[in-house]
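Note sheet for the following structure.
The values are calculated or read from the model by the stated rules, or taken from the named source; none is laboratory data. As the structure is a computational prediction, the values presented were derived from the model and not from experiment. Cβ placement follows ideal geometry from the backbone for every residue including glycine, while neighbour counts extend to all protein chains displayed.
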Amino acid sequence: MQTWLVTGGAGFIGGNFVLDAVASGIRVVNLDALTYAGNLDTLSSLDGNDRHVFVQGDIGDRALVDRLLAEHRPQAIVNFAAESHVDRSIDGPAAFVQTNVVGTFGLLEAAREYFKALDAGARAAFRFLHVSTDEVYGSLGDEGKFTEDTPYAPNSPYSASKAASDHLVRAYHHTYGLPVLTTNCSNNYGPYQFPEKLIPLVILKALAGEPLPVYGDGRNVRDWLFVKDHCAAIRRVLEAGRPGETYNVGGDAERQNIEVVKAICALLDQRRPREDGKPRESQITFVKDRPGHDRRYAIDASKIQTELGWQPTVDFEQGMAATVDWYLANEAWVRRVLDGSYRMERIGQEA
């Protein structure tokens, strides 16, 4: 049985990845600090499952990481651990540098020492996969897409911290021979996403009858990727990706933010109409734009499609309907996540 050390495995993407990995027979050692966005409720179906070992802790805790590597002898490390919300990075960039840069550095150092001590066969099989974002590339105009060769040009403290961690991962391959893989993904959505992000935030505010805040003119464009498609892509890169390479993962689903909000409103109007009969689009409110808001992201995923045979299987309409249905069916999960520390208020307005 394969064993993987997964960091940040109680978060949104990491939690979905852990659930899929354990279901497919992988033994997962799950290291998560359980900050506000980490939630063990996501993993409740794994209670009592001996293929899931949860450890609360920080990737920057070198002694803890060393102990986990020595005890469990994983064949791969998959690094999801990150502070990930642009608005929060505007208000408090220090936490992003600490986790995304310093934490990743500590994890790489532990992996380097562990890798050196492996025998030749285990070294040949070992992989360190770093999960990153398309935001490291900056902003696009109306045309073109990000490729793996697009120069980095991050515009927020969040994306700058992820760019720095990407560079460290690359350096540890070229300097120390660590067999690393990096994936840069577009905007994920789906079950278990913390309600500070656009899609779950709009769902919950719409249900509560509150204004639906849309930044600027609402025409900022993102490429949307269903989280389970992303998890499948990471699995495929682990299986067959070439060490040292980067793979962009996108959903081929560009949408303006205003289009996304209107799609959610329409789905909710069908499933849970307002008592007064008004359409939920009437709740849309345009608000002051985010400082440094990138205008457009779009991923060229042809490399992972051509080299590794991965394709997204869930289109935007299917994925959005499934996501809305999940939040409607899991209101208890939402209530437990919203424990009072975050009240769906506007953050990240400093200029």
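Identify, please: which residue in region 151-182 is over 24 Å from ALA94 (Cα atoms) and of a type in the set (Ser, Thr, Tyr) and is, among those, surrounded by the most Cβ atoms within 10 Å (Cβ to Cβ)?
Here the answer is TYR176.
So which pairs qualify, if the first residue must be in region 89-115 and among the charged types (D, E, K, R), the second must be assigned to a helix (DSSP H, G or I), the Cβ gap must be under 8 Å, and the two must be at least 6 apart or on different chains?
Pairs that qualify, where the first residue is among the charged types (D, E, K, R) and the partner is assigned to a helix (DSSP H, G or I), are GLU109/ARG62; ARG112/TYR172; ARG112/TYR176; GLU113/ASP66.
Which of the residues that make up region 1-21 are surrounded by fewer than 20 Cβ atoms within 10 Å (Cβ to Cβ), in contact with a strand residue (DSSP E or B) (Cβ under 7 Å, 6 or more places away or on another chain) and not in a loop (DSSP other than H, G, I, E, B)?
Listed by number, the list holds a single entry, THR3.
Pairs please, first residue from region 60-76 and more than 14 Å from ALA33 (Cβ to Cβ), second anywhere and hydroxyl-bearing (Ser, Thr, Tyr) and not in a helix (DSSP H, G or I), Cβ atoms under 9 Å, 6+ apart in sequence or on different chains.
Every condition considered, the pairs that remain are HIS72/THR3; ARG73/THR3; PRO74/THR3; GLN75/THR3; ALA76/THR3.
Can you tell me which condition ALA94 does not meet? The list is (1) touching a Lys or Arg at 6+ places or on another chain (Cβ under 9 Å); (2) surrounded by fewer than 23 Cβ atoms within 10 Å (Cβ to Cβ); (3) part of a helix (DSSP H, G or I); (4) not hydroxyl-bearing (Ser, Thr, Tyr), and all the others hold.
(1)
Per-residue answers, yes or no, for (1) out of contact with any Pro (no Cβ under 9 Å at 6 or more places or on another chain); (2) of a type in the set (S, T, N, Q):
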{"position": "THR99", "(1), (2)": "yes, yes"}
{"position": "GLU109", "(1), (2)": "yes, no"}
{"position": "GLY138", "(1), (2)": "no, no"}
{"position": "GLY144", "(1), (2)": "yes, no"}
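Can you tell me which residue within region 193-213, out of those that are buried (at least 23 other Cβ atoms within 10 Å of the Cβ) and touching a Pro at 6+ places or on another chain (Cβ under 9 Å), is nearest to TRP224 (Cα to Cα)?
Only one residue fits best here, namely GLN193.
Being buried (at least 18 other Cβ atoms within 10 Å of the Cβ) and out of contact with any strand residue (DSSP E or B) (no Cβ under 8 Å at 6 or more places or on another chain): is that true of ARG236 here?
Working: buried (at least 18 other Cβ atoms within 10 Å of the Cβ): yes; out of contact with any strand residue (DSSP E or B) (no Cβ under 8 Å at 6 or more places or on another chain): yes.
Against the criterion (buried (at least 18 other Cβ atoms within 10 Å of the Cβ) and out of contact with any strand residue (DSSP E or B) (no Cβ under 8 Å at 6 or more places or on another chain)), ARG236 qualifies.
Just need a number here: residues in region 193-251 that are of a type in the set (Phe, Trp, Tyr) and within 27 Å of HIS173 (Cβ to Cβ). Before you say what the answer is, go through the steps one by one.
Applying the first criterion (of a type in the set (Phe, Trp, Tyr)) to region 193-251 yields 194, 215, 224, 226, 247.
The next check asks that each one be within 27 Å of HIS173 (Cβ to Cβ); those that pass are 247.
Qualifying residue count for the region: 1.
Can you tell me which residue among SER156, SER139 is among the small types (Gly, Ala, Ser) and more than 30 Å from ALA110 (Cα to Cα)?
On the way: SER156 fails: more than 30 Å from ALA110 (Cα to Cα).
It is SER139.
Is it the case, given these coordinates, that ARG51 is touching a helix residue (DSSP H, G or I) at 6+ places or on another chain (Cβ under 9 Å) and basic (Lys, Arg)? Spell out the reasoning first.
Working: touching a helix residue (DSSP H, G or I) at 6+ places or on another chain (Cβ under 9 Å): yes; basic (Lys, Arg): yes.
Here the answer is yes, as ARG51 does meet what is asked.
Of everything in region 27-42, what is on the phi < 0 side of the Ramachandran plot, out of contact with any Asp or Glu (no Cβ under 9 Å at 6 or more places or on another chain) and of a type in the set (A, V, I, L, M, F, W, C)? Give them in sequence order.
Passing the criteria: only VAL28.
Output yes when any residue across region 108-128 is at pLDDT below 95, buried (at least 20 other Cβ atoms within 10 Å of the Cβ) and among the hydrophobic types (A, V, I, L, M, F, W, C), and no when none is.
no
Do the conditions hold for ASN39, that is, is it under 20 Å from the mean Cα position of the chain (by Cα), surrounded by 20 or more Cβ atoms within 10 Å (Cβ to Cβ), of a type in the set (S, T, N, Q) and more than 24 Å from THR182 (Cβ to Cβ)? Explain how you work it out, then say what you get.
On the way: under 20 Å from the mean Cα position of the chain (by Cα): yes; surrounded by 20 or more Cβ atoms within 10 Å (Cβ to Cβ): yes; of a type in the set (S, T, N, Q): yes; more than 24 Å from THR182 (Cβ to Cβ): yes.
Yes.
Do we have any residue at all in region 86-98 that's under 22 Å from VAL18 (Cα atoms) and not charged (D, E, K, R)? Let's see the steps before the verdict.
Filtering region 86-98 down to residues under 22 Å from VAL18 (Cα atoms) leaves none.
Looking through region 86-98, none of the residues is under 22 Å from VAL18 (Cα atoms) and not charged (D, E, K, R).
Of all residues being in a helix (DSSP H, G or I) and among the small types (Gly, Ala, Ser) in region 301-321, which is farthest from SER186 (Cα to Cα)? Just the residue, please.
Narrowing region 301-321 to residues in a helix (DSSP H, G or I): 302-308, 316-321.
With among the small types (Gly, Ala, Ser) added as a condition, the list becomes 302, 319, 321.
Values: SER302: 14, GLY319: 15, ALA321: 19 Å.
Step by step, filter region 301-321, then rank; the result is ALA321.
Looking at region 135-247, what helices (runs of 4 or more DSSP H) fall wholly within it and have at least 3 residues that are touching a Gly at 6+ places or on another chain (Cβ under 7 Å)?
Those helices (runs of 4 or more DSSP H) span 227-240.
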